[in-house]
Structures are given as structure tokens and as C-alpha cells.
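A short worksheet on the structure shown next.
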Amino acid sequence: MTAHPIKHLIEAADRAISAQDFETLMAFYADDATLVVRPGLNAHGKDQILQAFHRIAEHFKHGLDVTQGEMQVLEGGDTALVIMETLLHSPEADGSTTETRRRATYVFRKYPDGQWLCVVDNSYGTDLLTQV
């Protein structure tokens, strides 16, 4: 079976995050998108999302590497819900690397030109219910 086009978008977006290519990353988001920065703090719109990614890179000492685990794409009409495992590799002060696994949720909207854009980026998934 062929992978859903959104899978390829997420893989490309994660590569852009890892490379700190945030200008390219913004092409994956709708103008009115929301990014969950951390529980209780959201960035709205591309300008805030871009600023958030710069701060996230600083927080992780410019060493964050993002990859994917399992992914399910549930599509209905022009909307898709993505439920997936996100793997974050981040540097520690002693030079080691920590791996964090999250069960992420994303919402994508399909536009008339066939392009899918992310409208909700929630790498915390349902863990938000226990962290707010």
C-alpha cells in the first residue's frame, strides 16, 4: 500500500525541524494554524509558530532531532487526523542524548489545489489532558 501524502509531509517537516530550516518548515502550516508549544501554551499563525520554533531550538541547545514512529492517517472529506509516535532526540549537558517518545496528534486540511497543510500541530497528543 502507498503511504498517505501526509506521511511524506510530516517526514519532510521533521527533517526541516532537525535542520533548523524553519523558513521551509512554515510551508507545511496553514496561515491560521495552531502549534502546541507545551501544555497550556499555544502559538497561533505562522509568525508565532516561527518564533516558537526558534525558541524551541534554543531550549534544546540547537540539537533537537525529530523522527517518526508508527503513524495512522484518518481522512474524512478535506480533513485528516494524524495519530502518530514522535521521537525526539535531544542533547544533554554531559554529551549524551535523551530520547522522548510522544503520541502526537495533528489535524491537516486539504485545499482545493490538493495541497495538505497542517492546521493543528500537537506533539503532546492526549497527554495534554493530564498536563494542564
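The values are calculated or read from the model by the stated rules, or taken from the named source; none is laboratory data. Bear in mind that the values here come from a model prediction, so they are computed numbers and not experimental data. Quick reminder, even Gly has a Cβ in these numbers, built from the backbone with ideal geometry, and neighbours come from all protein chains shown.
Quick notes
- When region 108-127 is filtered for residues that are in a loop (DSSP other than H, G, I, E, B) and either farther than 20 Å from Gly69 by Cα or not polar (S, T, N, Q) (or both), the ones remaining, listed by number, are Tyr111, Pro112, Asp113, Gly114, Gln115, Tyr124.
- Looking across Thr126, Thr79, Thr105, one residue alone is at pLDDT 90 or above and touching a Lys or Arg at 6+ places or on another chain (Cβ under 9 Å). It is Thr79.
- Filtered residues of region 21-55 (kept if in a strand (DSSP E or B), touching a residue at least 24 places away in the same chain (Cβ under 8 Å) and not β-branched (Val, Ile, Thr)): Tyr29, Ala30, Asp32, Ala33, Leu35, Arg38
- Region 1-20, subset free of Cβ contacts under 8 Å to residues at least 24 places away in the same chain, assigned to a helix (DSSP H, G or I) and of a type in the set (A, V, I, L, M, F, W, C), residue farthest from Leu117 (Cα to Cα): Ala16
- Matching entry among Thr86, Thr130, Thr105, Thr98 (being part of a strand (DSSP E or B) and farther than 18 Å from Ile10 by Cβ): Thr98
- Scanning region 62-83 for residues that are outside any loop (DSSP other than H, G, I, E, B) and among the small types (Gly, Ala, Ser) turns up Gly69, Gly76, Ala80.
Residues checked against (1) touching a strand residue (DSSP E or B) at 6+ places or on another chain (Cβ under 6 Å); (2) among the charged types (D, E, K, R); (3) under 18 Å from Arg15 (Cβ atoms):
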{"site": "Asp32", "(1), (2), (3)": "no, yes, no"}
{"site": "Ile49", "(1), (2), (3)": "yes, no, yes"}
{"site": "His62", "(1), (2), (3)": "no, no, yes"}
{"site": "Glu70", "(1), (2), (3)": "yes, yes, no"}
{"site": "Gly76", "(1), (2), (3)": "no, no, no"}
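- Checking each residue in region 54-63 for being at pLDDT 90 or above and touching a Leu at 6+ places or on another chain (Cβ under 9 Å) picks out Ile56, Ala57.
- Residues within region 88-107 that are exposed (fewer than 15 other Cβ atoms within 10 Å of the Cβ) and among the aliphatic types (A, V, I, L, M), tallied: 1
- Residue pairs meeting the criteria (Cβ under 7 Å; at least 6 apart or on separate chains; first within 12 Å of Lys7 (Cβ to Cβ), in region 69-81; second outside any strand (DSSP E or B)): Met71/Lys7; Val73/His4; Val73/Ile6; Val73/Lys7; Ala80/Ile6
- All told, Gln51 falls short of being farther than 20 Å from Asp31 by Cβ, among the polar types (S, T, N, Q), at pLDDT 90 or above and more than 11 Å from the chain's Cα centre (by Cα).
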